[in-house]
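Heads up, the thing below is written out as structure tokens.
The values are calculated or read from the model by the stated rules, or taken from the named source; none is laboratory data. Bear in mind that the values here come from a model prediction, so they are computed numbers and not experimental data. For neighbour counting, all protein chains shown are included, and Cβ atoms are generated from backbone atoms with ideal geometry for every residue, glycine included.
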Amino acid sequence: MRAYSKQWVDDQPNFLEQQMLETALGIDIGGTFTKFGLSDVEGNVLMEGSIPTYTHREIKPFLDALCGAIKANLKNIKEPIDILGIGIGAPNGNYYKGTIEHAPNLHWKGIVPFIDMLKEYFDLPMVLTNDANAAAIGEKVFGGAKDMNDFIVVTLGTGLGSGLVTRGKLIYGHDGLAGELGHTNVYPDGRECNCGKRGCLETYASASGIKRTVFKLLATNNVETPLRSYTYESLTSKKITEMALQGDPIALEAYEYTSDILGLKLADAAAVTSPQAIFLFGGLAKAGDILIEATKKSFNEYLYPGYKGKIEIRLSELMDKNAAILGASALVWSEIVKTEGLVIPQQSKAV
């Protein structure tokens with residue numbers, strides 16, 4: 001798919017002789033917002049935008065809004081481009097089928113044939129996977145895992161996602177849905193999860209989870225804190241992070257509690273894949289050392305002794321970049337274009 005601005009065509013009468021810039025379109029579907037953007041193979045983002053996800057209770061109006069926004073933004077690009085494909089990161093995205101299946105943090109229930117529906121808007125090669133798997137590919141292509149073949153990426157957003165890479169390949173499992181650390185159990189009779197279970201990790205270690213923790217702490221402590229002025233609906237994880245960085249005692253305690261649980265479950269994950277590093281990404285990770293140091297402490301307390309001193313816990317190196325777009329677009333370079341040197345799985349029935 002080639003896209004040109006009218007002004008560029010007017011200024012370049014021989015534009016067909018110009019060399020096209022090869023690009024990839026990335027779409028990252030989150031529980032709150034869906035981000036999209038265009039990038040080149042070096043990770044330069046040429047265009048980006050977003051639409052709210054949560055306001056669209058049906059998939060068709062969502063796709064109308066998303067594709068309309070993408071096409072409108074493409075018209076503003078002032079250089080000749082060749083879009084080689086579309087990469088999509090989505091909660092509960094099935095890599096083999098190109099579907100979104102029973103995503104607990106999305107309104108669209110059941111199995112959504114996402115790629116089949118998206119092809120009604122764009123005639124391009126497409127590949128879809130779990131949003132955390134896309135983040136893991138992005139970390140491999142553009143981030144801190146460039147020289148690693150065994151690592152885990154954990155995304156701390158509305159929920160908790162994870163992408164597990166071993167021997168340079170993502171673990172998809174027999175059905176394309178492997179790697180759901182967010183739905184491993186912390187407490188059998190714990191917090192109710194959107195998936196229908198109780199005690200899932202993401203009900204504790206996620207944007208929604210830390211908010212639940214804050215309100216529990218407010219109910220059981222008399223500590224003075226500005227957090228008491230917020231309703232449950234108005235308080236965000238971003239505000240909790242800001243308060244923690246300012247030294248608020250309730251926010252700090254919430255992060256300590258969250259980090260202890262996260263460290264425990266990461267130690268369990270490490271026992272399965274023995275990664276070289278675990279990268280943390282997402283809103284909660286913006287707390288930096290407040291999250292990282294406490295999680296490291298907990299992780300090493302629970303870790304099998306044979307692994308101690310061998311596994312790093314690090315912030316994603318895409319934190320200061322548009323990681324959502326780079327992660328999704330990295331799918332195009334690794335699985336559609338098959339850029340030389342990328343050791344990521346190449347089979348996809350969705351392409």
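Does GLU253 count as of a type in the set (Asp, Glu), out of contact with any Phe, Trp or Tyr (no Cβ under 6 Å at 6 or more places or on another chain) and either buried (at least 17 other Cβ atoms within 10 Å of the Cβ) or in contact (Cβ under 8 Å) with a residue 12 or more places away in the chain (or both)?
yes
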- Query: Can you name the residue in region 286-335 that is in contact with a strand residue (DSSP E or B) (Cβ under 6 Å, 6 or more places away or on another chain) and among the charged types (D, E, K, R) and, of all such residues, is nearest to THR273 (Cα to Cα)?
  - Reply: GLU312
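Suppose the filter is surrounded by fewer than 16 Cβ atoms within 10 Å (Cβ to Cβ) and touching a residue at least 60 places away in the same chain (Cβ under 8 Å); does ASP189 pass it?
Details: surrounded by fewer than 16 Cβ atoms within 10 Å (Cβ to Cβ): yes; touching a residue at least 60 places away in the same chain (Cβ under 8 Å): no.
When the stated conditions are applied, ASP189 does not pass them.
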- Filtered residues of region 131-155 (kept if of a type outside the set (A, V, I, L, M), in contact with a helix residue (DSSP H, G or I) (Cβ under 7 Å, 6 or more places away or on another chain) and in a helix (DSSP H, G or I)): GLY138, PHE142
- Task: Just name the residue that is modelled with the highest pLDDT out of those in region 314-351 that are assigned to a helix (DSSP H, G or I) and not hydrophobic (A, V, I, L, M, F, W, C).
- Result: SER329
- Message: If I ask for residues that are in contact with a Leu (Cβ under 8 Å, 6 or more places away or on another chain) and either of a type in the set (S, T, N, Q) or not in a helix (DSSP H, G or I) (or both), which ones from region 291-313 would you list?
- Response: THR295, SER298, ILE311, ILE313
- Item | Residue check for GLY196: closer than 22 Å to ASP147 by Cα, in a loop (DSSP other than H, G, I, E, B) and touching a residue at least 24 places away in the same chain (Cβ under 8 Å) | no
- Query: Taking region 207-250, which residues are loosely packed, with under 12 Cβ neighbours inside 10 Å, outside any helix (DSSP H, G or I) and not hydroxyl-bearing (Ser, Thr, Tyr)?
  - Reply: ASN222, GLU224, GLU233, GLN246, GLY247
- If you take just the strands (runs of 3 or more DSSP E) that sit entirely in region 36-102, which of them hold at least 3 residues that are surrounded by 18 or more Cβ atoms within 10 Å (Cβ to Cβ) and touching a residue at least 40 places away in the same chain (Cβ under 8 Å)? 81-90
- Task: Within region 137-184, track down each residue that is in contact (Cβ under 8 Å) with a residue 40 or more places away in the chain, farther than 13 Å from ALA90 by Cα and among the small types (Gly, Ala, Ser).
- Result: GLY138, GLY143, GLY144, ALA145, GLY168, GLY179
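Inside region 177-187, can you point out the residues that are closer than 24 Å to LEU128 by Cα and either touching a Cys at 6+ places or on another chain (Cβ under 8 Å) or not assigned by TED's automatic domain parsing to the domain that holds GLY157 (or both)? Quick ask: steps written out before the conclusion?
Residues of region 177-187 closer than 24 Å to LEU128 by Cα: 177-184.
Within region 177-187, GLY182, HIS183, THR184 meet the criteria.
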- Item | Subset of region 110-132 [touching a Phe, Trp or Tyr at 6+ places or on another chain (Cβ under 7 Å) and either modelled with pLDDT of 95 or more or of a type outside the set (Val, Ile, Thr) (or both)] | LEU128
- Single match in GLY209, GLY190, GLY199 (criterion: touching a Lys or Arg at 6+ places or on another chain (Cβ under 8 Å), modelled with pLDDT of 95 or more, on the phi > 0 side of the Ramachandran plot and in the same structural domain as ALA267 (by TED's automatic domain parsing)): GLY199
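Can you name every residue in region 156-171 that is of a type outside the set (Gly, Ala, Ser), in a loop (DSSP other than H, G, I, E, B) and buried (at least 21 other Cβ atoms within 10 Å of the Cβ)?
Here is the first cut: in region 156-171, the ones of a type outside the set (Gly, Ala, Ser) are 156, 158, 160, 164-167, 169-171.
Of the ones still in play, those that are also in a loop (DSSP other than H, G, I, E, B) are 158, 167, 171.
Once the filter is applied, which keeps residues that are of a type outside the set (Gly, Ala, Ser), in a loop (DSSP other than H, G, I, E, B) and buried (at least 21 other Cβ atoms within 10 Å of the Cβ), region 156-171 yields only THR158.
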- Quick one: in region 18-35, which of the residues that are touching a Leu at 6+ places or on another chain (Cβ under 7 Å) and more than 28 Å from SER206 (Cα to Cα) is surrounded by the fewest Cβ atoms within 10 Å (Cβ to Cβ)? GLU22
